[in-house]
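**Q** Structure incoming, see below.
The values are calculated or read from the model by the stated rules, or taken from the named source; none is laboratory data. Since this is a predicted model, take the numbers as computed values, not measurements. Using ideal geometry, Cβ is built from the backbone for each residue, glycine included, and neighbour counts are taken over all protein chains shown.
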Amino acid sequence: MRTRSVLVLAAAAATTFSLLPSTAQASHAWGSYHWARTANPFTLPVGDNVDSSWDAHLDTAVSDWSASSVMDLAERPGSTTGRKCRAQAGTVQVCNASYGFNGWLGLASISITGGTHITQGTAKMNDSYFNTATYNNPNERLHVMCQEVGHTFGLGHTSEDGSSQNTCMDYFSNTGANAGSTQSTHPNQHDYAMLEQIYAHLDTTSTVGTTTATARTVGEDRASWGREVFHAADGSHSVFVRDFGGGDKVVTHVTWALDRQGAARS
């Protein structure tokens, strides 16, 4: 793995955000979840635990999300392995591995303290599916990578009808007839405006880059994710919450593979 750090200059960010819509137009926060921090912009460490088939897609996602006016992402060598993908306090760890044909294509989990503050996150890409002809194209890889990383900041989805909103945070699938489409492979202005809204207030403490957070984690199997609290009408996405009590929980967003979508909940 290579050491890569992407920091966007303040002047460039200011130019970008002069073109953005007001935060009042943004509406796709993932609950009230956010990283606690005492100043903006803040630098969030992102651990690179991916192999060469994913390096370029992670680089692009880090660069894209660093265009936000409230955060910079610092890509660093990962602290775990793709297969284990253990969360590390104060960071987002990004991984890929052949996790098995278990139904999910991408998985994003955030550990929460105090009911709202993110303390650590993981984003996992399942090569058991991505190595098949259906998913093995750069547009679908980038869409899922961008979306799962975006969830670790507290972002939800912009739409749930499968149409492209030209943001990686929608339900569009770059597969089949859409495999050659570059739509929905990057954040859009709406996403950046939402981040401005989520991170408009400051906290008195920080969970970014710390190493003392409670190590609440879940695995790659559905049984470890807790209770399903959201199931998309088309079966393409779900959200699970495992509640440990006292405001500590792990929230997991699941992007289901096509052969799992529309299936009855088990």
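**Q** Filter the range 93-121 for residues that are free of Cβ contacts under 8 Å to residues at least 40 places away in the same chain and within 13 Å of the chain's Cα centre (by Cα) and give the result.
**A** Listed by number, the list holds a single entry, Gly121.
**Q** It is to be established whether one or more residues within the range 171-188 are touching a Ser or Thr at 6+ places or on another chain (Cβ under 9 Å), within 21 Å of Asn40 (Cβ to Cβ) and not small (Gly, Ala, Ser). Even if it seems obvious, please write down each step before you answer.
**A** Just the residues of the range 171-188 that are touching a Ser or Thr at 6+ places or on another chain (Cβ under 9 Å), to begin with: 171-176, 178-179, 181, 183-188.
With within 21 Å of Asn40 (Cβ to Cβ) added as a condition, the list becomes 187-188.
Add one more test, that the residue is not small (Gly, Ala, Ser), and what stays is 187-188.
Looking through the range 171-188, at least one residue is touching a Ser or Thr at 6+ places or on another chain (Cβ under 9 Å), within 21 Å of Asn40 (Cβ to Cβ) and not small (Gly, Ala, Ser).
**Q** Sort out which residues of the range 77-126 are buried (at least 24 other Cβ atoms within 10 Å of the Cβ), among the hydroxyl-bearing types (Ser, Thr, Tyr) and not in a loop (DSSP other than H, G, I, E, B), and write them in order of number.
**A** Within the range 77-126, Ser109, Ser111, Thr119, Thr122 qualify.
**Q** On to the next question. For the range 218-230, which positions are out of contact with any Asp or Glu (no Cβ under 8 Å at 6 or more places or on another chain) and surrounded by 16 or more Cβ atoms within 10 Å (Cβ to Cβ)? Let's see the steps before the verdict.
**A** Here is the first cut: in the range 218-230, the ones out of contact with any Asp or Glu (no Cβ under 8 Å at 6 or more places or on another chain) are 218-225, 228-230.
Val218, Glu220, Arg222, Trp225, listed by residue number.
**Q** Give me the residue from the range 42-62 that is more than 14 Å from the chain's Cα centre (by Cα) and farther than 27 Å from Thr132 by Cα and, out of that set, surrounded by the most Cβ atoms within 10 Å (Cβ to Cβ).
**A** Filtering first and then ranking leaves Phe42.
**Q** Then there's this: Looking at the range 85-140 only, could you name the residues that are touching a strand residue (DSSP E or B) at 6+ places or on another chain (Cβ under 8 Å) and of a type in the set (D, E, K, R)?
**A** Arg86, Lys124, Asp127
**Q** Please list, ordered by residue number, the strands (runs of 3 or more DSSP E) wholly in the range 187-266 having 3 or more residues that are within 17 Å of the chain's Cα centre (by Cα) and at pLDDT 90 or above. Talk me through it step by step, then tell me what you get.
**A** Values: elements: 227-231, 237-245, 248-256.
By residue number, 237-245, 248-256.
**Q** Also, I was wondering about something else. Could you check the range 90-120 and list, in sequence order, the residues that are among the polar types (S, T, N, Q) and out of contact with any His (no Cβ under 8 Å at 6 or more places or on another chain)? Spell out the reasoning first.
**A** Narrowing the range 90-120 to residues among the polar types (S, T, N, Q): 91, 93, 96, 98, 102, 109, 111, 113, 116, 119-120.
Matches in the range 90-120: Thr91, Gln93, Asn96, Ser98, Asn102, Ser111, Thr113, Thr119, Gln120.
**Q** Okay, next question. Tell me, please, whether a residue that is under 16 Å from Trp35 (Cα atoms), charged (D, E, K, R) and either out of contact with any His (no Cβ under 6 Å at 6 or more places or on another chain) or buried (at least 24 other Cβ atoms within 10 Å of the Cβ) (or both) can be found in the range 69-76.
**A** Taking the range 69-76 as the starting set, the residues that turn out to be under 16 Å from Trp35 (Cα atoms) are 69-74.
This time we only want the ones that are charged (D, E, K, R), so: 72.
Narrowing the set further to residues that are either out of contact with any His (no Cβ under 6 Å at 6 or more places or on another chain) or buried (at least 24 other Cβ atoms within 10 Å of the Cβ) (or both) leaves 72.
Yes - at least one qualifying residue is present in the range 69-76.
**Q** Search the range 126-164 for residues being among the small types (Gly, Ala, Ser) and at pLDDT below 95, and hand back the single one that is nearest to the chain's Cα centre (by Cα).
**A** Of all residues in the range 126-164, those among the small types (Gly, Ala, Ser) come to 128, 133, 150, 154, 156, 159, 162-164.
Keeping just the survivors that are at pLDDT below 95 gives 156, 159, 162-164.
On the way: Gly156: 9, Ser159: 16, Gly162: 18, Ser163: 20, Ser164: 18 Å.
Ranking the candidates gives Gly156 first.
**Q** OK, next. Among the residues of the range 47-57, is any assigned to a loop (DSSP other than H, G, I, E, B), within 17 Å of Asn126 (Cβ to Cβ), among the aliphatic types (A, V, I, L, M) and at pLDDT 80 or above? Give the derivation first.
**A** Going through the range 47-57, the residues assigned to a loop (DSSP other than H, G, I, E, B) turn out to be 50-51.
In the following step, the residues that additionally are within 17 Å of Asn126 (Cβ to Cβ) were identified as 50-51.
Now restrict to residues that are among the aliphatic types (A, V, I, L, M): 50.
Those left that are additionally at pLDDT 80 or above: 50.
Yes, there is a match, as at least one residue in the range 47-57 is assigned to a loop (DSSP other than H, G, I, E, B), within 17 Å of Asn126 (Cβ to Cβ), among the aliphatic types (A, V, I, L, M) and at pLDDT 80 or above.
**Q** For the range 3-41: of the residues being modelled with pLDDT under 50 and within 19 Å of the chain's Cα centre (by Cα), which is surrounded by the most Cβ atoms within 10 Å (Cβ to Cβ)? Even if it seems obvious, please write down each step before you answer.
**A** Step one: filter the range 3-41 for residues modelled with pLDDT under 50, giving 3-26.
Restricting the remaining residues to those that are within 19 Å of the chain's Cα centre (by Cα) gives 4-7, 26.
Details: Arg4: 17, Ser5: 14, Val6: 18, Leu7: 12, Ala26: 21.
Selected residue: Ala26.
**Q** Name the pairs whose Cβ atoms lie under 7 Å apart, with the first residue in the range 201-214 and farther than 14 Å from Gly114 by Cβ, the second modelled with pLDDT of 95 or more and outside any loop (DSSP other than H, G, I, E, B), and 6 or more positions between them or separate chains?
**A** Val208/Trp35; Val208/Phe42; Val208/Leu44; Gly209/Pro45
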